[in-house]
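Take a look at the structure set out below.
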C-alpha cells in the first residue's frame with residue numbers, strides 16, 4: 001500500500017490504525033466481534049452516554065491537520081461528559097471516508113487520536129467505517145460513569161445563584177476566523193497560534209466537572225455559544241439571568257481584538273465551540289470555587305446571576321444592555 005491512490009480496505013484500516021486505540025481493553029475483543037462489552041461498574045455507579053459528530057466544512061475546516069480532527073471529535077464528547085460530572089470510560093467511533101483519504105491521512109489521524117486516548121485513558125471499543133464521496137466525518141459515542149449516583153443536570157439552577165464559567169470565552173470562534181483569514185487586525189504568531197489551537201483542540205474540563213458534583217446546582221458545556229447555552233440553562237431551570245460583560249474571562253489575544261473592534265464581542269459571546277463549563281452555584285460557595293480554581297489550575301469566573309426571568313440580559317462594560325443578532329450556533 002505505497003501508492004497514494006491504492007485503496008485501503010476496511011479491515012486494514014481497523015487492524016492498522018484503529019485496533020491500537022483499544023489500549024488492549026478485553027471487552028473490545030480486538031474488534032473481531034459484532035459488539036463490545038463495557039467494563040463492569042459497581043452498584044452505586046451509573047453510565048452516562050453522549051454522541052457528537054464532526055464533519056469537515058461543518059465543524060472543522062478541510063485545511064485542519066488530520067492529527068487534530070480525531071482529537072477534536074473525542075474532546076467535544078468528553079466535554080459533554082464533563083458537564084454531567086462523569087469520568088470517561090470508553091468510546092465508539094464511526095468514520096465516513098472518501099476516496100481522497102489515504103494512508104498518510106489515516107496514520108496522522110490515528111496518531112493524534114492516540115494522544116488523547118492515552119491522556120484521558122478512554123479506549124476505543126468499536127464502531128463502523130463506510131466509504132462515500134461525501135466529506136470526511138467522525139461520529140463518536142462516548143461513555144462515562146458517575147459514582148454515588150450523582151450527576152450534574154442543566155435544570156437545577158435557583159434564583160439568586162451566581163453564574164460561573166471556566167477557562168476563557170471566544171478563543172475558538174476567533175481561531176476559526178483566523179484560520180479562514182478573516183481577521184485583518186495584526187496579531188503576533190503566538191497569539192494566532194493560541195486562538196487556532198483553541199479552535200482545533202478544545203479543553204474538556206473533566207476534573208472540574210467531577211469536582212462540581214457537590215458544588216454546582218446546574219451545569220452545561222458551552223458548545224453553541226455562551227448566550228445560546230446560558231439560554232438553555234435558564235430555560236431548563238425556569239429562570240432568567242443577567243450577564244456582566246465586564247466580567248467575561250478573555251485571553252490576551254481576544255482582548256486585543258476586542259480593543260481593536262467592538263464587533264468581535266458578538267463573535268466572542270455567540271461564536272461557540274468554547275467547550276468550557278457554565279454552571280450555577282450558591283453565593284456562599286464562592287470561596288470554595290476560588291480554591292478549586294487554584295487546585296485545578298483552571299480559571300473560574302463569576303459572570304452573572306440567575307433571576308426570576310425569563311429574560312437573559314447582557315450588559316457591557318458601561319452597564320448598557322446589549323442585543324445581538326443571534327444567540328449562537330443553530331443545528332439546522
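The values are calculated or read from the model by the stated rules, or taken from the named source; none is laboratory data. Since we're looking at a predicted model, the values are computed, not measured. Cβ coordinates were reconstructed from backbone atoms using ideal geometry, including for glycine residues, and neighbour counts include every protein chain displayed.
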- Task: Within the range 42-63, count every residue that is buried (at least 18 other Cβ atoms within 10 Å of the Cβ) and outside any strand (DSSP E or B).
- Result: 1
- Task: Within the range 255-277, track down each residue that is in contact with a helix residue (DSSP H, G or I) (Cβ under 7 Å, 6 or more places away or on another chain) and under 24 Å from residue 73 (Cα atoms).
- Result: 267, 268, 269, 270, 271, 272, 273, 274, 275, 277
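Kindly check whether there is at least one residue in the range 174-185 that is more than 24 Å from residue 72 (Cβ to Cβ), modelled with pLDDT under 95 and surrounded by fewer than 21 Cβ atoms within 10 Å (Cβ to Cβ).
Within the range 174-185, the first condition is being more than 24 Å from residue 72 (Cβ to Cβ), and the residues that meet it are 184-185.
Retained after the next criterion (residues that are modelled with pLDDT under 95): 184-185.
If we keep only those that are surrounded by fewer than 21 Cβ atoms within 10 Å (Cβ to Cβ) as well, we get 184-185.
Within the range 174-185, one or more residues are more than 24 Å from residue 72 (Cβ to Cβ), modelled with pLDDT under 95 and surrounded by fewer than 21 Cβ atoms within 10 Å (Cβ to Cβ).
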- Query: Has the range 183-190 got at least one residue that is touching a residue at least 12 places away in the same chain (Cβ under 8 Å), at negative phi and not in a loop (DSSP other than H, G, I, E, B)?
  - Reply: no
- Message: Here is a list: 156, 127, 167. Which entry is at pLDDT 90 or above and in the same structural domain as residue 64 (by TED's automatic domain parsing)?
- Response: 127
